[in-house]
Structure formats: C-alpha cells, structure tokens
Amino acid sequence: MAQRVTPLVAGNWKMNLLRRDAVALACDLVTRLQTGSAPGCDLLVCPPAVMLHAVAEALAGSPVALGAQDCHTEVSGAHTGDISAAMLADAGCSHVIVGHSERRADHGEDDALVREKARAAHEQGMRAIICVGETLEQRDAGNTIQVVEAQLNGSLPLEAAAANTVIAYEPVWAIGTGRTPTAADVAEVHARIRDVLVKRLPDGETVRILYGGSVNPGNAPELMTVENVNGGLIGGASLKADDFWAIARACPG
Ligand code: PEP
C-alpha cells in the first residue's frame, strides 16, 4: 500500500495569457481559497516568466505556490534569452518544471540537460518537477515502461529527494489531445516510477508523482485517485479557474 502523500495540483500555463488575465486567474484562486473549503491538496501555478512578478504579487500571503516552466543550468552568464534558477528563486518561485515534453521536442532537451536543470533548481532551494513520458509510437511498440524508466534514471540528479523533487508522468500523446491512458495504464507506470524512486532515493516512497495529460474535471476523480498518483500537472484546464479548482477538489484530501 502506497504511503500517504499530500497531493500537488500544478497549473502549467505554458505560453498563454497576458498579464491582466494571469493576475485575474491568480486572484480568482486566492479568493476561492479564502471563501470556500480548501481542497485537500497543495496548489501551484506556473505562469510565463514575464508574468512571475505580477502573479507573485497576486498570490502574496496565500498558500498557492509559484513556479516557472524552465530554467537554465548556469547561475548567470552569456546565455541570451535564458533565465537562471537563481533569478526564478529571486522572483518568488518555489518550483520549476524541467524536461517538459514540449521543451524536449521544441528545444532538443535530453535527459542529461534535464538532470542539470534539476540540479540548478535544487542549488537555489527550489523543487524541480521532472517530466517524463512516452510518445505514441513508443507506447504502440510496447516500450512505455522502458522509455519512462530510462528518462527517469537519466533525469534524476544524485541529490534528488522528496523535499526537492516531484516527478510528472505525462504521456506525450495525451498532452493537449483530450486522450488519456486508462486508469490501469496510469497505475502501472506510476508503480514503476515508484519502484525506481524507492530503489534510488532513501525517501523515494514519499516523492510526489503527478499525472499530466488532458486532465479535466470529468476525468480527474478517476485519475487523481489512482494508486501512486499524488496530484496532477494540468495544462489547458489550469487556464480556467473553475476547471482547475474542480480538479484540485477531486484529489483525495
Ligand atoms: C501539460 O502540458 O503539462 C499538460 C498536461 O497539458 P494538458 O493538460 O493541456 O494536456
């Protein structure tokens, strides 16, 4: 039986929203927390980098955590257009997503780079949300478990622990498509991720493993209660306060 871990529901806003809408969305979540009964999970939002300061102000004093969508491996230097983990921590981020499949695909990021980014986040006292997940071709070829295990082993830095690391299992074919794996498929992959974490880390039993990929208020009650699913990484549905809130409420408290 899996150990009880407080779930985390994280909104990945990707390259969406302008500042006014981002602030309004953050304020909406804060108001819900102040006026309604709190969900049984922790909440995190990851806006585009240029909106971090404005969203940090909107969230100030609330329990909603702030995260970024990527970071550079270096603390500073000649890396035009990049943002260091130190800058993100300075902007108020407690978390940073690394190795999202869109970055792996769009920017050619491999496991070694993802591992260095996670390490950079750790060095700044932030939690790295390390994303792994198979493509449709890999799933159809029956290679899901091998692919996910290899990504996880390659992307986890040595110092990873429950206090500084979250894993997000996101099948690439489920992201933004409206398609999801079955609950049994999710359970199988999460169990294997748990096995790897327990083998590699002294407190691997309590590292959060999020499921991500087309989670919505309709499928959240099933997906968020699968064994070893400790919350979700939510893309499209995190842009609507009603949907994000409903997903958070679907997590076991
Ligand atoms: C994501 O990109 O992390 C994601 C899970 O997106 P969506 O929820 O839109 O599938």
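The values are calculated or read from the model by the stated rules, or taken from the named source; none is laboratory data. These numbers were taken from a predicted model, which means no experiment stands behind them. Heads up, the Cβs are rebuilt from the backbone with ideal geometry, glycines too, and the neighbour counts pull from every protein chain shown. Ligands, DNA and RNA are stripped out before the accessible areas are found, and what is left, the full protein with its side chains, is counted by its heavy atoms. Shrake-Rupley method; radii C 1.70, N 1.55, O 1.52, S 1.80 Å.
Going by the structure shown, is residue 152 touching a residue at least 40 places away in the same chain (Cβ under 8 Å), out of contact with any Pro (no Cβ under 8 Å at 6 or more places or on another chain) and not in a helix (DSSP H, G or I)? It is false that residue 152 is touching a residue at least 40 places away in the same chain (Cβ under 8 Å), out of contact with any Pro (no Cβ under 8 Å at 6 or more places or on another chain) and not in a helix (DSSP H, G or I). Is it fair to say residue 216 is part of a loop (DSSP other than H, G, I, E, B), modelled with pLDDT of 95 or more and either among the small types (Gly, Ala, Ser) or farther than 27 Å from residue 25 by Cβ (or both)? Considered against the rule, which asks whether it is part of a loop (DSSP other than H, G, I, E, B), modelled with pLDDT of 95 or more and either among the small types (Gly, Ala, Ser) or farther than 27 Å from residue 25 by Cβ (or both), residue 216 comes out as no.
One residue stands out in the range 231-253 among those that are part of a loop (DSSP other than H, G, I, E, B) and either within 13 Å of the ligand (Cβ to nearest atom) or modelled with pLDDT under 95 (or both): the one that is surrounded by the most Cβ atoms within 10 Å (Cβ to Cβ), namely 235. Might you let me know whether the range 213-230 holds any residue that is more than 25 Å from residue 153 (Cβ to Cβ), free of Cβ contacts under 8 Å to residues at least 12 places away in the same chain and away from the ligand (no atom under 12 Å from the Cβ)? Yes.
Residue by residue through the range 70-108, note down the ones that are open to solvent by 50 Å² or more (accessible area, probe 1.4 Å) and assigned to a loop (DSSP other than H, G, I, E, B). Spell out the reasoning first.
Of all residues in the range 70-108, those open to solvent by 50 Å² or more (accessible area, probe 1.4 Å) come to 74-83, 87, 90, 102-103, 105-108.
The answer is 74, 75, 76, 77, 78, 79, 80, 81, 82, 83, 107, 108.
Here residue 90 clears all of (1) more than 16 Å from the ligand (Cβ to nearest atom); (2) in contact (Cβ under 8 Å) with a residue 12 or more places away in the chain; (3) under 21 Å from residue 163 (Cβ atoms) except the condition numbered (2).
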